[in-house]
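One structure is given here, and the rest of the page talks about it.
The values are calculated or read from the model by the stated rules, or taken from the named source; none is laboratory data. Only a predicted model underlies this, so the values are computations on that prediction, with no experimental measurement involved. With ideal geometry, Cβ positions are generated from the backbone for all residues, glycine too; neighbour counts draw on all protein chains shown. Protein only, heavy atoms only, side chains kept; ligands, DNA and RNA dropped before computing areas. Shrake-Rupley method; radii C 1.70, N 1.55, O 1.52, S 1.80 Å.
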Amino acid sequence: MTSAWTTHDIPDQTGRTVVVTGANSGIGLVAARELAAKGAHLVFACRDTAKAEAARAGLRGSHEVLRLDLADLDSVRLFADELGGRQVDVLVNNAGIMNVPFSRTPQGFESQFGTNVLGHFALTARLFPQVADRVVWLSSGVHRMGRIDLADPNFERRTYRGWTAYGQSKLADLMLAYELQWRLTGAGSSVRSVAAHPGYSATNLQTRSGTWQDAVGRFFNRFPAIASPPEAGALPTLYAATVPDLPGGSYVGPGGPGELQGPPRLVSSSAASHDREVARGLWALCERLTGETFTV
């Protein structure tokens with residue numbers, strides 16, 4: 001691996017179909033744009049189809065927009081049905097919400113767990129028979145402060161705190177990436193499950209808490225030395241999605257100090273993220289809550 005990896009190193013993607021959730025803005029939009037530039041056919045899986053259509057209009061080639069609201073499991077099922085049985089070379093589980101005020105999804109789940117974790121789990125389960133190459137799960141450096149509460153993942157008894165819920169959701173995404181790879185390896189499958197995190201990238205995620213923290217986020221987003229632009233934040237995702245010989249179970253992040261910025265490289269994750277017993281419990285919990293049986 002070279003520390004100088006850039007978008008110029010993305011291999012030709014002609015003939016490949018890539019589904020990117022949340023591809024209408026931020027890191028997802030940059031990833032979609034770069035993949036399209038290399039010849040991939042993009043499926044914009046977005047809740048706001050008007051913004052997705054505008055984003056698609058700016059890309060070279062023919063691409064499509066399908067509505068997907070990850071907070072609503074009914075929307076996930078409708079999306080999978082609309083996509084049909086077409087081959088998906090790469091599924092990028094990119095979309096997410098961060099440190100938002102407490103709310104519940106249409107199915108009654110805490111919004112960050114429901115959107116970031118259960119929505120992507122259900123989507124991956126539904127599309128998995130069609131995935132030919134890999135699944136990319138977006139985690140975060142904040143996973144290190146996360147803890148999985150299998151008994152109360154939706155804050156029905158715990159006091160809700162936005163960062164606590166976000167840390168749990170991003171740890172869960174990373175653990176699902178690892179657990180899926182364990183199952184793929186055991187089944188002798190050539191499909192890969194990998195994860196990535198963007199470091200600190202200046203997107204709209206930092207301004208959704210509804211508290212004084214939004215002003216802090218806007219302030220730090222103004223300084224490139226602290227918050228990298230989405231073009232840089234998308235590099236770990238693009239690396240994870242396109243490097244041909246990337247091993248399954250890899251975790252890619254920025255290579256700079258504190259993994260906040262820098263060229264993409266393989267990075268480590270917390271000890272908690274490698275707890276197989278909790279991961280198996282999380283997998284079973286996701287199956288039960290989504291109603292999706294995910295068999296590799």
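Restricted to the stretch 25-44, and to residues there that are in contact with a strand residue (DSSP E or B) (Cβ under 7 Å, 6 or more places away or on another chain) and touching a residue at least 60 places away in the same chain (Cβ under 8 Å), the residue that is farthest from G256 (Cα to Cα) is L35.
Given the criteria modelled with pLDDT under 95 and of a type in the set (S, T, Y), does T290 qualify? The answer is no for T290. Kindly evaluate V90 against the criterion of being buried (at least 16 other Cβ atoms within 10 Å of the Cβ) and in contact (Cβ under 8 Å) with a residue 60 or more places away in the chain. Here the answer is yes, as V90 does meet what is asked.
For the stretch 118-129, the set of residues classified as farther than 20 Å from A31 by Cβ and either out of contact with any Cys (no Cβ under 8 Å at 6 or more places or on another chain) or aliphatic (A, V, I, L, M) (or both) consists of L118, A122, A125, R126, F128, P129, listed by residue number. Taking the listed residues R104, R67, the one that is at pLDDT 95 or above, under 23 Å from D173 (Cα atoms) and out of contact with any helix residue (DSSP H, G or I) (no Cβ under 6 Å at 6 or more places or on another chain) is R104, with no other qualifying.
The sole residue among G22, G61 that is touching a residue at least 24 places away in the same chain (Cβ under 8 Å) and open to solvent by 20 Å² or more (accessible area, probe 1.4 Å) is G61. Among the residues of the stretch 102-155, the one identified as more than 12 Å from the chain's Cα centre (by Cα), of a type in the set (S, T, N, Q) and under 28 Å from G262 (Cβ atoms) is Q112. Among the residues of the stretch 29-55, those that are open to solvent by less than 10 Å² (accessible area, probe 1.4 Å) and out of contact with any helix residue (DSSP H, G or I) (no Cβ under 8 Å at 6 or more places or on another chain) comprise A36, A40, A52. The set of residues in the stretch 117-133 being surrounded by 24 or more Cβ atoms within 10 Å (Cβ to Cβ) and of a type outside the set (F, W, Y) consists of V117, L118, G119, H120, A122, L123. If you take the residues of the stretch 138-181 that are among the charged types (D, E, K, R) and over 19 Å from F102 (Cβ atoms), which of them is most open to solvent (accessible area, probe 1.4 Å)? It comes out as R144. Is the stretch 105-114 home to any residue that is under 19 Å from E287 (Cβ atoms), open to solvent by 70 Å² or more (accessible area, probe 1.4 Å) and touching a Pro at 6+ places or on another chain (Cβ under 8 Å)? The answer is no; no qualifying residue exists.
The single condition among (1) in contact with a Lys or Arg (Cβ under 9 Å, 6 or more places away or on another chain); (2) surrounded by fewer than 20 Cβ atoms within 10 Å (Cβ to Cβ); (3) at pLDDT 95 or above that V296 does not satisfy is (3).
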